[in-house]
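Where a number appears in this text, it was derived from the coordinates with a stated rule and is not lab data. All values reported here derive from a predicted model rather than from experimental measurement.
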Amino acid sequence: METATLMHTVLTVLLFVGFVGLVIWAYSKGRKKDFDEAANLVFDDEPKPAKPSQKQQQESDHE
């Protein structure tokens, strides 16, 4: 009975340490760029807006 309790305690501590490590990894500043890129993947299949022609730019400048 004592061995089983010790094994459960060790397993619980290891899982807790792993969870804390995972949370620290996920919220670290180095991961922000990757997560921002992943968050914008849904918009990658949308067509890019066309650049206005030089004539359209000149017309909008005169308004």
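Per-residue HN-Hα couplings for segment 6-13, Karplus 6.51 cos²θ - 1.76 cosθ + 1.60 at θ = phi - 60°, whole Hz, x for Gly and Pro?
5, 5, 5, 5, 4, 4, 4, 5
By how many nm would the segment from Lys29 to Glu2 lengthen if fully extended, with 0.36 nm per residue of separation less the alpha-carbon distance?
Gain on stretching Lys29 to Glu2: 5.4 nm.
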